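See below for the structure under consideration.
The values are calculated or read from the model by the stated rules, or taken from the named source; none is laboratory data. Because the structure is predicted, anything quoted here is derived from the model rather than measured. Don't worry about glycine lacking a Cβ; one is built from the backbone with ideal geometry, like all the others, and counts go over all protein chains shown.
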């Protein structure tokens, strides 16, 4: 059995942390955020120019589902073959989201989610019936 032992490997964390020549892990220098900066939810999306909101998230998921149902969102791109099981997974995900956020959304957010689910369900039913 001793001959069959796996050789070990070494993991080196180069993100920062404490060590002989590094400041402690609680130091702001190791967190990637300078003391004068505060992390905001939009820091990771600064380059996109589009703020991530609940409505934009729902629209993004809905667009993905439409593409999976063969909808061509960009006329310059070739159409994808329909993948109804994956499209249904996204519709189901949005349905769960609707149920779990009931009473916690603004009127606009509720309308976006309700309208997106209606459009996706109608498209799915028409494709599944073929």
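Points to keep in mind about this one:
- Of the residues examined, residue 30 is one that is at pLDDT below 95 and either touching a strand residue (DSSP E or B) at 6+ places or on another chain (Cβ under 9 Å) or within 13 Å of residue 120 (Cα to Cα) (or both).
- Taken over segment 95-111, the criterion of being in a helix (DSSP H, G or I) and in contact (Cβ under 8 Å) with a residue 40 or more places away in the chain is satisfied by 108, 109.
- Flag for residue 87 being assigned to a loop (DSSP other than H, G, I, E, B) and either closer than 23 Å to residue 123 by Cβ or modelled with pLDDT under 95 (or both): no
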